[in-house]
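For reference, the structure discussed in these notes is given below.
The values are calculated or read from the model by the stated rules, or taken from the named source; none is laboratory data. Since we're looking at a predicted model, the values are computed, not measured. Methodologically, a virtual Cβ is constructed for each residue, glycine included, from the backbone with ideal geometry; neighbour enumeration extends over all protein chains shown. The protein model used for the area step is the full one, side chains on, heavy atoms only, and it has no ligands, DNA or RNA in it. Shrake-Rupley method; radii C 1.70, N 1.55, O 1.52, S 1.80 Å.
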Amino acid sequence: MTIFEALRQEHEIQRHLIDKLIKTEGKTEDRKKLFENLKHELKIHEDAEERHFYVPLMKKDLTQEKARHSVAEHHEMDELVEQMEDTEMDASNWLKLAKDLEHQLIHHLEEEEHEIFQLAGKVLTDKQKTDLADSYNKEIRKNR
């Protein structure tokens, strides 16, 4: 498995959770559980991705700017999650924040998969691609 395959697997989990979350209504146990799962998945993914994908990419001229941009997007999504935590789940703007998060998350994942993966493929060796996947997956399993 390469780092790209490992990241895509995690991206699918995030897509699934955000899709289910925005379909929930009110202050329900289902909404609360989905939000907690999504927050956890985003956190462990961000931490592992930054360490095992973006740090190596920041060391390369071709990928440095895109890697920094993606890390900045992680922080923007974290801020949206914090706003959601500070808002009552049955408030009308909570769903708006959730949809904003969905928009930002989908944009981020598509940018990674369609732009950054291609650039990273040019700067990482085949061994790095599999080694990074191994270390990334190990961290995900440890924190899941």
Q) Can you give the angle from 0 to 90° between the axis of helix 3-22 and the longest principal axis of the chain, with both taken from C-alpha atoms, to the nearest 10? A) 10
Q. Taking the Cβ-Cβ separation of HIS103 and ASP30 as r and a Förster radius of 22 Å, what is the calculated FRET efficiency to the nearest 0.05?
A. 0.50
Q.
With a 1.4 Å probe and all protein chains left in place, how much of the accessible area of the chain comes from carbon and sulfur atoms, in whole percent?
A. 48
(Q) Under the 0.36 nm per residue contour assumption, what length would be gained going from the current alpha-carbon distance of LYS39 and ARG68 to full extension? (A) 8.3 nm
Q) If you plug each phi of segment 35-51 into the Karplus form 6.51 cos²θ - 1.76 cosθ + 1.60 with θ = phi - 60°, what whole-Hz ³J(HN,Hα) values come out, in order, with x for Gly and Pro? A) 5, 4, 4, 4, 4, 5, 4, 4, 5, 5, 5, 4, 4, 5, 5, 4, 6
Q: Could you pull the Cα extents of the chain along its three principal axes, largest to smallest, in whole Å?
A: 48, 28, 20
Q. What's the center-to-center distance, using Cα atoms, between segment 1-47 and segment 100-139 in Å?
A. 17
Q: Starting at the first residue of segment 129-137, write each ³J(HN,Hα) from the Karplus equation 6.51 cos²θ - 1.76 cosθ + 1.60 with θ = phi - 60°, in whole Hz, x for Gly and Pro.
A: 4, 7, 5, 5, 4, 4, 5, 4, 4
Q: At 1.4 Å probe size, with every protein chain present, just tell me what the per residue accessible area of the chain comes to in Å².
A: 55
**Q.** Over 22 Å between alpha carbons, listed pairs LYS39/LYS59; LYS32/LYS96; LYS39/LYS142; LYS43/LYS66; LYS59/LYS99
**A.** LYS39/LYS59; LYS59/LYS99
**Q.** Table column - 3J(HN,Hα) (Hz), segment 70-78, Karplus curve with 6.51, -1.76, 1.60, x for Gly and Pro
**A.** 5, 5, 4, 5, 4, 5, 5, 5, 4
Q. If we count every other residue with Cβ under 11 angstrom of TRP94's Cβ, Lys/Arg +1 and Asp/Glu -1, where does the sum land?
A. -2
Q: Please give every one of the aspartates and glutamates within straight-line cross-link reach of LYS122, meaning a C-alpha to C-alpha distance under 13 Å, and leave out same-chain neighbours fewer than 8 residues apart.
A: ASP61
